[in-house]
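These notes are about the structure you will find just below.
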Amino acid sequence: MKLTVIGTGYVGLVAGVCFAETGNEVVCVDVDQRKIDMLNRGELPIYEPGLKELLDRVVKLGRLSFTTETGPAVAKSQVVFIAVGTPPDEDGSADLQHVLAAAREVGAALTGYTVVVDKSTVPVGTADKVYEAIRAVAKHEFDVVSNPEFLKEGAAINDFLKPDRVVVGADSERAREIMLELYGPFVRSGHPIITMDVRSAELTKYAANSMLATKISFMNEIARICDLVGANVENVRMGIGSDTRIGSQFLYSGVGYGGSCFPKDVKAIIHTAADYGYDFRILKAVEEVNALQKRLLVERVRARFGDDLTGLVFALWGLAFKPRTDDMREAPALEIIEGLLASGARFQVFDPEAMHEARRRLGDKVSYAIDDYEALRDADALLVATEWSDFREPDFERMKSMMKTPIIFDGRNIYRPEKLRKLGFEYQSIGRP
């Protein structure tokens, strides 16, 4: 098929590359000339394992191209994906201006029947608005479909090529059949394409991310109780995670969730509920717990060193909100850094992939180390904010020799308390005695 993907952010770029991998002819469109120039040079605006190799392959085969011109790309396409950003407004609602602007451009460029797909994460009712925006300018038939993405940053290529499920919301049988054909190559292992009405598909994405966010915040509450009563959150996690009704995923305690999806989507579904007169109290509590959890290491450091941290230097390992990405949106590390800087602390930071993004966000507020060990030089303590595999088996003796005092605040529970104490470290983790 001939496809257009509008938006070369995380979702759009991964979708474009993976659709091209299965033999489709794909054009990715973006208004940002700088990003298009980068992509045409074979450079990526994001870090995602495996993406560069796959992009180079499909570009070389002539299946994928990049442009800033929406009209010519849409005119040749059977299916057009809208994958532009939907950032939260100040009230938590999703900002749809970019989605609707793209819809109007698509409508004006149609040359025949086209399936227009909402790939962006959008609130319930957005497909209706997209339909009206296209209808106002279109001279040809079209259908609007909702096709939410369920990609995990750091594993997006595998998630797209071998999905657990594909959700398609279509109120037209014609559009539904085209989407089934398009996604057929991705589900040959037996995982389902779940078709439903458009509004249910729109809500499914928010519901999924909100459920995962709820599991994280719930486990962080359990970790807080473990700290109070002397229980071990790892034992509790194994005890409840083995229950198939609950499952073990997303039951790890830590310094809270971040990223581009969970915070935004939880806010958006709370706002949607309020629009319909419902107070979504469980998710409001999830948000509140997460906000408190991001400040946990700040509280722990102040409890250990006092409220005035002037003259103290802290090493921080991990800036991205999770491993295998350079994404720092809503990253707990940002809250930790800002909270302790306000008390006079200084930081030496390192992340395997997010250093460029950190410099953009933090400027000269912190010092940037060339590697994880260099960040430890003369540090009064180490704070671990992201569970990169690079940090899991360090040379602890070398760490001790470089630090002013061997103190670790482990915000991701990646080390064994008994081992660290035997090695002479003062060690604090979350929910483990």
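The values are calculated or read from the model by the stated rules, or taken from the named source; none is laboratory data. Everything quoted here is computed from the prediction, not taken from an experiment. Don't worry about glycine lacking a Cβ; one is built from the backbone with ideal geometry, like all the others, and counts go over all protein chains shown.
Please state which one of G339, G344, G363 is in a loop (DSSP other than H, G, I, E, B) and either under 14 Å from F314 (Cβ atoms) or at pLDDT 95 or above (or both). Break it down stepwise before answering.
Working: G339 fails: in a loop (DSSP other than H, G, I, E, B); G363 fails: in a loop (DSSP other than H, G, I, E, B).
The conditions single out G344.
Looking at (1) more than 26 Å from Q348 (Cβ to Cβ); (2) in contact (Cβ under 8 Å) with a residue 60 or more places away in the chain; (3) hydroxyl-bearing (S, T, Y), which is the one condition that is false for Y257?
(1)
May I ask you to list pairs of residues, at least six apart or on different chains, whose Cβ atoms are under 6 Å apart, with the first in segment 331-348 being outside the structural domain of A379 (by TED's automatic domain parsing) and under 18 Å from A379 (Cβ atoms) and the second being modelled with pLDDT of 95 or more and surrounded by fewer than 19 Cβ atoms within 10 Å (Cβ to Cβ)?
none
Residue pairs, Cβ under 6 Å, 6 or more apart or interchain, first in segment 64-85 and over 19 Å from M38 (Cα atoms), second acidic (D, E). List them.
Short answer, once both residue conditions are applied: I82/D118.
Which number in (1) closer than 17 Å to K322 by Cα; (2) surrounded by fewer than 17 Cβ atoms within 10 Å (Cβ to Cβ); (3) of a type outside the set (K, R) marks the one condition that V384 misses?
Only one criterion in (1) closer than 17 Å to K322 by Cα; (2) surrounded by fewer than 17 Cβ atoms within 10 Å (Cβ to Cβ); (3) of a type outside the set (K, R) is unmet by V384, namely (2).
Does D390 count as assigned to a helix (DSSP H, G or I) and free of Cβ contacts under 8 Å to residues at least 12 places away in the same chain? So that I can check it myself, show each step before the final result.
Working: assigned to a helix (DSSP H, G or I): yes; free of Cβ contacts under 8 Å to residues at least 12 places away in the same chain: no.
Answer is no for this residue.
Does at least one position in segment 115-131 carry a residue that is on the phi > 0 side of the Ramachandran plot, surrounded by fewer than 22 Cβ atoms within 10 Å (Cβ to Cβ) and out of contact with any Phe, Trp or Tyr (no Cβ under 9 Å at 6 or more places or on another chain)? Full working, then the answer.
We begin by selecting, within segment 115-131, every residue on the phi > 0 side of the Ramachandran plot; these are 125.
Those still in the list that are surrounded by fewer than 22 Cβ atoms within 10 Å (Cβ to Cβ) too: 125.
Subsequent filtering for residues that are out of contact with any Phe, Trp or Tyr (no Cβ under 9 Å at 6 or more places or on another chain) retains 125.
Checking segment 115-131: at least one residue is on the phi > 0 side of the Ramachandran plot, surrounded by fewer than 22 Cβ atoms within 10 Å (Cβ to Cβ) and out of contact with any Phe, Trp or Tyr (no Cβ under 9 Å at 6 or more places or on another chain).
Restricted to segment 342-354, and to residues that are farther than 16 Å from R300 by Cβ and touching a strand residue (DSSP E or B) at 6+ places or on another chain (Cβ under 9 Å), which residue is surrounded by the fewest Cβ atoms within 10 Å (Cβ to Cβ)?
If we filter segment 342-354 for residues that are farther than 16 Å from R300 by Cβ, which is where we start, we get 344, 346, 348-354.
Subsequent filtering for residues that are touching a strand residue (DSSP E or B) at 6+ places or on another chain (Cβ under 9 Å) retains 346, 348-351.
Working: R346: 17, Q348: 19, V349: 26, F350: 25, D351: 28.
Ranking the qualifying residues of segment 342-354, first place goes to R346.
So if I check each of L100, L54, which one is in the same structural domain as V166 (by TED's automatic domain parsing), closer than 20 Å to F19 by Cβ and surrounded by 13 or more Cβ atoms within 10 Å (Cβ to Cβ)?
Working: L100 fails: closer than 20 Å to F19 by Cβ.
Going through L100, L54 in turn, just one is in the same structural domain as V166 (by TED's automatic domain parsing), closer than 20 Å to F19 by Cβ and surrounded by 13 or more Cβ atoms within 10 Å (Cβ to Cβ): L54.
Please find, among E374, E387, the residue that is at negative phi and within 23 Å of the chain's Cα centre (by Cα). Before the answer, list the steps.
Working: E374 fails: within 23 Å of the chain's Cα centre (by Cα).
Residue meeting the stated conditions: E387.
Quick check: is even one residue across segment 94-103 in contact (Cβ under 8 Å) with a residue 24 or more places away in the chain and among the polar types (S, T, N, Q)?
no
Looking only at residues that are in a helix (DSSP H, G or I) and in contact (Cβ under 8 Å) with a residue 24 or more places away in the chain in segment 132-162, which one is nearest to V79 (Cα to Cα)?
Let us first name the residues in segment 132-162 that are in a helix (DSSP H, G or I), namely 132-135, 156-161.
If we keep only those that are in contact (Cβ under 8 Å) with a residue 24 or more places away in the chain as well, we get 133-135, 156-158, 160-161.
Values: A133: 17, I134: 14, R135: 16, A156: 22, I157: 21, N158: 23, F160: 18, L161: 18 Å.
By that ranking, first place goes to I134.
May I ask you to say which residue of P417, P406, P433 is more than 23 Å from F321 (Cβ to Cβ), crowded, with 19+ Cβ neighbours inside 10 Å and touching a residue at least 12 places away in the same chain (Cβ under 8 Å)? Step through it out loud before you land on a result.
On the way: P417 fails: crowded, with 19+ Cβ neighbours inside 10 Å; P433 fails: crowded, with 19+ Cβ neighbours inside 10 Å.
Unique residue meeting the criteria: P406.
Need the failing condition index for F186 against (1) under 23 Å from A273 (Cβ atoms); (2) of a type in the set (F, W, Y); (3) in the same structural domain as A94 (by TED's automatic domain parsing), just the number.
Condition (1) is where F186 drops out.
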